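The values are calculated or read from the model by the stated rules, or taken from the named source; none is laboratory data. Keep in mind the model is a prediction, meaning the values are calculated, not measured. FYI the Cβ positions are ideal-geometry reconstructions off the backbone, even for glycines, and counts take in every protein chain you see. Quick note on the areas: whole protein, heavy atoms, side chains included, nothing else; ligands and nucleic acids left out. Shrake-Rupley method; radii C 1.70, N 1.55, O 1.52, S 1.80 Å.
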Number of protein chains: 2
Amino acid sequence: MSKPSPLSGFPELLPAQRFVEQSVIDSMRRTFELHGFAPVETRAVETLDQLLRKGETSNEVYVLRRLQTDPDDPSQPGDLGLHFDLTVPFARYVLENAGKLEFPFRRYQIQKVWRGERPQEGRFREFTQADIDVVMKDELPFHFDVEVARVMAEALSVLPLPPMRLRVNNRKLIEGFCLGLAVPEPADVIRLIDKLDRLPEATVGDLLVAEAGLDDAQAQQCLALAAISSIDGSFAERVRSLGVQHELLETGLAELGAVVQGCRVVNNERFEVQASLGLARGLDYYTGTVFEIYMKGFESLKSVGGGGRYDALASDGKTTYPGVGISFGISRTLIPLITRGLLSGSRAVPSAVLVALPDEESRAAADEVAQQLRASGVATEVAASAQKFGKQIRHAERRGIPFVWFFTVADNGAIAGHSVKDIRTGEQLDADPATWRPADADLTPQVIHAPTPAEETS
Amino acid sequence: MSKPSPLSGFPELLPAQRFVEQSVIDSMRRTFELHGFAPVETRAVETLDQLLRKGETSNEVYVLRRLQTDPDDPSQPGDLGLHFDLTVPFARYVLENAGKLEFPFRRYQIQKVWRGERPQEGRFREFTQADIDVVMKDELPFHFDVEVARVMAEALSVLPLPPMRLRVNNRKLIEGFCLGLAVPEPADVIRLIDKLDRLPEATVGDLLVAEAGLDDAQAQQCLALAAISSIDGSFAERVRSLGVQHELLETGLAELGAVVQGCRVVNNERFEVQASLGLARGLDYYTGTVFEIYMKGFESLKSVGGGGRYDALASDGKTTYPGVGISFGISRTLIPLITRGLLSGSRAVPSAVLVALPDEESRAAADEVAQQLRASGVATEVAASAQKFGKQIRHAERRGIPFVWFFTVADNGAIAGHSVKDIRTGEQLDADPATWRPADADLTPQVIHAPTPAEETS
């Protein structure tokens, strides 16, 4: 067969790049588990009626059929499609297993999803995302909004990636503000505010008048609200200075303040929380807190994550399951960084050591040396063939293996001595394979950052 | 929506069960990386022409189409299907990236695959497998056969699963034996020997005469060869006692002996290697070593893994890439054990500690205590609400959380004291959240084995 070409929208990584992805996934998993979030993995497929309940996403769904369908096979399931997010499968999983789960149910889910979209930078047809959600029966206390925000904040703040910004807002705040202004239909205002990142402010102002029935003063007030943002609790004072009053507005201000405050404990140079009162998120089902995640310096990628509170994640008619959650796009952040050469792994193999082979007869001895190193957690491979040592060293060099191990064999066949060479410095020292260990930074492949381009600023 | 039903052939796990699967995957990954195998993940889809190159599997392939295809979209790729194994995608990946890989290329790949088969125990439509392969350009030295066997042996020997048996044979041995017997078509003999695990020996003997053109004496010799097995090198003597001689037979005996010897260093009560001269494996493309993996006590599941050497894993017309590899069925082993109640996780959440909440006003203090515990690696959650302590303890009990943490608040709002209760023993002791740590066995969810049923024996 001839050399195959990549498929557009289905990114694949070379091994050194895959180390980067794995280290991001491992790091997020560790943070989520430290906070008591349980791992869930759902099947890749859902029935089409589950996938199409929201209607609007129908053109994104990949439908499955067996190449040779057997009409007599009663076990052939109905129409199936690949999931396009992790929320629809999770809602189905909660309903299906409700009797076996303890609520509040905290879960994380890190999996691939598929969308038949037109591929573009940061938008793929197959991609990995990491979701956390807390789900309750009947009623979910507000403090879980703070919790999921803080857990995601902590997870993002330790990633080997450019700094992240979590933008937060609250639907109750916008809705209460509208009610205080006596706006006829707050939902229309939310829908139009959501257009602010694509349309000029003046155009949105015109739409608020033309489509949402606001007068000019109301429209100006809504735009003034949407322009407010702060990385601390000072947004509340600026909202109050607009002079609008409503009980629901106060609830929204208090909730937003609590989320921002809750995340500030993890604020560092790698993570920033921002109350962002122009953030609306288009989807109908959010009922309070809403989130979006941006990668600082890479705002052209748009949001790389988002979420919020939904008072009815799932319902079986008798019980309603409210939830709050955030999703982070692993492929959406990593692939553009890797493609631009800004992120890579330090080597293409896990091996920290290559055991050099003096001759093919010494392979068993070399295997034993390697096994001793592995026993203390040092990933080790043995040279593929007993070429000249110079060639074996260059072989290690090409893979980024930092150390080459040499041993000498006495006339009686026993190993007479060991030494290990750091091939970056050329330094070669005697060593004992039972106790030697490289520096932690050399033990496993590391994530390497190129400097972030200065022209892309937030 | 009403309660959804599971889809036959698409198994899903509850969180406690998912811990078991994760610990198996983590353990295999650790072993593979210690031996220098690099991680690869390929996209879930391949083009249909790649998937159908072998022909016979066509009815197992799930084909994708977009629900609403857009004929004007030039980026819409050709017909795509979900991969049904990890070998076809890996061969494609090697060809596509050959210029960027260093050979010998060791890779592991742990991923889901999909087959439109009729579901039955241990056979699913979506399942996870773990593959290791070593691939070379042009020629792959034999010692890599020993290496992949030993790495998989080591990986299997440390799994929290019933003991595994790796059965090994060598096509050169069978072929050389046939040539020494002057059998007309050794490939026919291999194909018929492969039927021995489904048909009585006498029937296979008849087929060797009727279909492969052997005389009775030749057929008896082939059956005598196929009956030989040993967990050490003694098979060679028993083969030689059959009196057949051929150079290729000697090569096969030496290779098989080397693989068995190489694996014996990991032999323990959880792993056994067995030279098994009746093992043929049906597939055409194996050219030397062949493997199958069985779970001891669960032979009714048939093989739970397999592999071998293929002298042409991939070829682009100019360069041929020989390989040797083994695949292990993670779902195929885990799901039946979990379904039978023989394997489970010790708890449904990662949390080792639940911080009890004296009242809702103390939530910030409780969060701080939890954060101190997490800083030393102890997964911790805070109680969902300030119920009576008895209720909070029962909440922890239902999830299998072993410890409940109590703190008292002084009149000035500062924390006055801490204690931690082991809810299994009732013992409660003063503790410092900055330094306290549970026993390792309580730190993370553990894999729990029920005793293996005595009636299922090997």
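Numbers below:
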read-out: Some residue of the range A:154-169 being open to solvent by less than 20 Å² (accessible area, probe 1.4 Å), within 14 Å of another protein chain (Cβ to nearest Cβ) and either farther than 22 Å from B:PRO6 by Cα or without any contact (Cβ under 8 Å) to a residue 60 or more places away in the chain (or both); value: yes
read-out: Check on A:SER234, open to solvent by 10 Å² or more (accessible area, probe 1.4 Å) and over 24 Å from A:ARG198 (Cβ atoms); value: yes
read-out: Failed condition for A:GLN218, given (1) open to solvent by less than 50 Å² (accessible area, probe 1.4 Å); (2) in a helix (DSSP H, G or I); (3) more than 11 Å from chain B (Cβ to nearest Cβ); (4) over 22 Å from A:ARG240 (Cα atoms); value: (4)
read-out: Counted residues, the range A:269-314 - those being part of a strand (DSSP E or B) and either at pLDDT 95 or above or over 20 Å from A:VAL113 (Cβ atoms) (or both); value: 20
read-out: Every residue from the range B:113-128 that is open to solvent by 40 Å² or more (accessible area, probe 1.4 Å) and within 7 Å of chain A (Cβ to nearest Cβ); value: B:ARG118
read-out: Out of A:VAL382, A:VAL355, A:VAL404, A:VAL447, sole residue that is open to solvent by 30 Å² or more (accessible area, probe 1.4 Å) and touching a helix residue (DSSP H, G or I) at 6+ places or on another chain (Cβ under 6 Å); value: A:VAL447
read-out: Residue check for B:ALA352: away from chain A (no Cβ under 14 Å) and touching a strand residue (DSSP E or B) at 6+ places or on another chain (Cβ under 7 Å); value: no
read-out: Residue that is closer than 30 Å to A:LEU334 by Cβ and touching a residue at least 24 places away in the same chain (Cβ under 8 Å), where the choices are A:VAL244, A:VAL273, A:VAL239; value: A:VAL273
read-out: Count - residues of the range B:38-87 that are at pLDDT 95 or above, in a loop (DSSP other than H, G, I, E, B) and within 7 Å of chain A (Cβ to nearest Cβ); value: 5
read-out: Test: residue in the range A:339-360 that is closer than 30 Å to A:ALA431 by Cβ, among the small types (Gly, Ala, Ser) and assigned to a strand (DSSP E or B); value: yes
read-out: The range B:1-24: number of residues that are farther than 13 Å from B:VAL158 by Cβ, in contact (Cβ under 8 Å) with a residue 24 or more places away in the chain and under 12 Å from the mean Cα position of the chain (by Cα); value: 1
read-out: Flag if A:LEU373 is more than 30 Å from A:GLY9 (Cβ to Cβ), surrounded by 23 or more Cβ atoms within 10 Å (Cβ to Cβ), in contact (Cβ under 8 Å) with a residue 40 or more places away in the chain and out of contact with any Pro (no Cβ under 8 Å at 6 or more places or on another chain); value: no
read-out: Failed item in (1) assigned to a helix (DSSP H, G or I); (2) over 19 Å from B:VAL148 (Cα atoms); (3) in contact with a helix residue (DSSP H, G or I) (Cβ under 8 Å, 6 or more places away or on another chain), with B:CYS263 passing the rest; value: (2)
read-out: Among the candidates B:ASP194, B:ASP131, residue that is under 30 Å from B:ARG270 (Cα atoms), in the same structural domain as B:GLY262 (by TED's automatic domain parsing) and modelled with pLDDT under 95; value: B:ASP194
read-out: Out of A:GLU175, A:GLU185, sole residue that is in the same structural domain as A:GLY308 (by TED's automatic domain parsing), under 30 Å from A:GLU147 (Cα atoms) and open to solvent by 50 Å² or more (accessible area, probe 1.4 Å); value: A:GLU175
read-out: Number of the condition not met by A:GLY325 [criteria: (1) away from every other protein chain (no Cβ under 13 Å); (2) surrounded by fewer than 18 Cβ atoms within 10 Å (Cβ to Cβ)]; value: (2)
read-out: Every residue from the range A:379-405 that is in a helix (DSSP H, G or I), more than 8 Å from chain B (Cβ to nearest Cβ) and touching a residue at least 24 places away in the same chain (Cβ under 8 Å); value: A:PHE389, A:GLN392, A:ILE393, A:ALA396, A:GLU397
read-out: Residue identified as under 30 Å from A:PRO11 (Cβ atoms) and not charged (D, E, K, R) among A:LEU343, A:LEU357; value: A:LEU343
read-out: Breaking point among (1) touching a strand residue (DSSP E or B) at 6+ places or on another chain (Cβ under 8 Å); (2) at pLDDT below 90; (3) within 14 Å of chain A (Cβ to nearest Cβ), for B:GLY317; value: (1)
read-out: Condition broken by B:HIS143, with the remaining ones in (1) closer than 14 Å to B:ALA275 by Cβ; (2) within 14 Å of chain A (Cβ to nearest Cβ) satisfied; value: (1)
read-out: Total residues in the range A:319-338, condition part of a strand (DSSP E or B) and under 16 Å from A:VAL24 (Cα atoms); value: 3
read-out: Scope the range B:20-37; condition within 7 Å of chain A (Cβ to nearest Cβ) and within 27 Å of A:ASN97 (Cβ to Cβ); matching residues; value: B:GLN22
read-out: Evaluation of A:ASP133 against (1) assigned to a strand (DSSP E or B); (2) at the interface with chain B (Cβ under 8 Å from one of its Cβ atoms); (3) closer than 24 Å to A:GLN261 by Cα (one fails), failing number; value: (2)
read-out: Residue satisfying all of: in the range A:237-266; of a type in the set (A, V, I, L, M) and surrounded by fewer than 16 Cβ atoms within 10 Å (Cβ to Cβ); nearest to A:ALA212 (Cα to Cα) among these; value: A:ALA254
read-out: Output for the range B:1-37, where each listed residue is of a type outside the set (Lys, Arg), within 30 Å of A:TYR321 (Cβ to Cβ) and either touching a Cys at 6+ places or on another chain (Cβ under 7 Å) or assigned to a helix (DSSP H, G or I) (or both); value: B:PRO15, B:ALA16, B:GLN17, B:PHE19, B:VAL20, B:GLU21, B:GLN22, B:SER23, B:ILE25
